[in-house]
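Beneath this line is the structure, given in structure tokens, with notes to follow.
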Amino acid sequence: MRITALAGGVGGARFLRGVLAAAPEADVAVVGNVGDDITLHGLRVCPDLDTVMYTLGGGIHEGQGWGRAGETFSVAAELAEYGVGPDWFTLGDRDIATHLVRTQMLDAGYPLSAVTEALCARWKPGVRLIPATDDRAETHVVLVDEEGNRRAVHFQEYWVRMHAPKAEAITFVGAEKAQPAPGVMDAIAGADVVLFPPSNPVVSIGAILAVPGIREALAATSAPVVGLSPIIGSAPVRGMADKVLAAVGVETSAAAVAEYYGADLLDGWLIDEKDAAQRDRVEAAGIRCRAVPLLMRDLDATATMARAALELATELGRPDD
Ligand code: FO1
């Protein structure tokens, strides 16, 4: 079975571990978010691609869900001694090796998709990780800052330095000129099942959908597209989805996120049992809905979620349905 998943960072990567456990024989392609990418100290950092690569490759810092396990921070400490910032985004020594390899390959002219393939040759994540685009399409957040000035800040500054204050708008800078990376359209067209993991609908999945052609390919595919709500109750399981959903005028609820994606994209939607009362609203939007436990407490729970998503996809895929 060929599975294609659109994935952001921590939530997406953890869910993918469940997919691999639930369908060990499947051929899994992951279209990764590049909206979080940032250039720091001359190095290109791709947080969401690295989180998928490290998580599935066994190198992730489990507690954080990003960065390397067993990390040290000698370089960061030296940079601080030089007074070289930013002091709010710390790169670990091991992680810096990834950014050095990536940056020197990009500078040599390799596209990000080829760089990602080369990095994954070491980590062997067990999935084909493809960036949504080889072009730059960084997520910036429009807000009124501490001094009352309306300005756009890079997503990382919004999230890591400012701790996700009220956002007025989200922009994917340059996305309108970006092209899907080689392999992305084939991964969508050739999939038997497409999954939207419980990633951030706006700045992770949304940033991928902002690349022209990807949303259209998903709407056109005959494969069932099944998503899992990142919202349980009225709050995101992790991160700042509530803040960015508010910025795009969407209520923070499982049903509202399904409506945000729309029935042209989604065929099925898993919500947590706590939100079972919202099932009719999702079905009324033309999206098949099931209420199942959605907390990824451990690998077993995550594999069970993945199995539920694949079962719903199978049910949707049956022509008589
Ligand atoms: N998040 C933080 O809260 N503080 C950091 O200093 C930080 C550094 C960092 C370095 C590399 C990397 O891949 C991720 C890093 N993150 C950090 C997490 C990052 O903001 C998130 O992984 C995503 O961009 C949001 O999902």
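For the range 70-99, give me each residue that is more than 13 Å from the ligand (Cβ to nearest atom) and either outside any helix (DSSP H, G or I) or open to solvent by 60 Å² or more (accessible area, probe 1.4 Å) (or both). Give the derivation first.
Start the filter on the range 70-99 by keeping residues that are more than 13 Å from the ligand (Cβ to nearest atom), which leaves 70, 72, 74, 77-78, 81-84.
Matches in the range 70-99: G70, T72, S74, E78, E81, Y82, G83, V84.
Quick test for you: out of A246, A303, pick the one residue that is open to solvent by 60 Å² or more (accessible area, probe 1.4 Å) and under 20 Å from the mean Cα position of the chain (by Cα).
Values: A303 fails: open to solvent by 60 Å² or more (accessible area, probe 1.4 Å).
It is A246.
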- Message: Looking at the range 120-133 only, could you name the residues that are more than 20 Å from Q156 (Cβ to Cβ) and either touching a residue at least 24 places away in the same chain (Cβ under 8 Å) or open to solvent by less than 60 Å² (accessible area, probe 1.4 Å) (or both)?
- Response: C120, R122, W123, K124, P125, G126, V127, R128, L129, I130
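For every residue, the table says whether it meets (1) open to solvent by less than 10 Å² (accessible area, probe 1.4 Å); (2) not charged (D, E, K, R).
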| residue | (1), (2) |
| --- | --- |
| P182 | no, yes |
| I188 | yes, yes |
| D192 | no, no |
| L195 | yes, yes |
| P201 | yes, yes |
| V211 | yes, yes |
| R215 | no, no |
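Please state which one of A108, A114 is open to solvent by 70 Å² or more (accessible area, probe 1.4 Å) and either of a type in the set (A, V, I, L, M) or outside the structural domain of P198 (by TED's automatic domain parsing) (or both).
Working: A114 fails: open to solvent by 70 Å² or more (accessible area, probe 1.4 Å).
Every option except A108 fails the conditions.
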- Restricting the first residue to the range 142-155 and requiring it to be over 16 Å from V244 (Cβ atoms) and open to solvent by 60 Å² or more (accessible area, probe 1.4 Å), which pairs with a second residue that is within 16 Å of the ligand (Cβ to nearest atom) and not in a strand (DSSP E or B) meet a Cβ separation below 9 Å and a spacing of at least six or different chains? E146/M162; E146/P165
- Task: Working only within the range 291-300, note down all residues that are of a type outside the set (A, V, I, L, M, F, W, C) and either buried (at least 16 other Cβ atoms within 10 Å of the Cβ) or closer than 15 Å to R17 by Cβ (or both).
- Result: R297, D298, D300
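The values are calculated or read from the model by the stated rules, or taken from the named source; none is laboratory data. Since this is a predicted model, take the numbers as computed values, not measurements. Quick reminder, even Gly has a Cβ in these numbers, built from the backbone with ideal geometry, and neighbours come from all protein chains shown. Ligands, DNA and RNA are stripped out before the accessible areas are found, and what is left, the full protein with its side chains, is counted by its heavy atoms. Shrake-Rupley method; radii C 1.70, N 1.55, O 1.52, S 1.80 Å.
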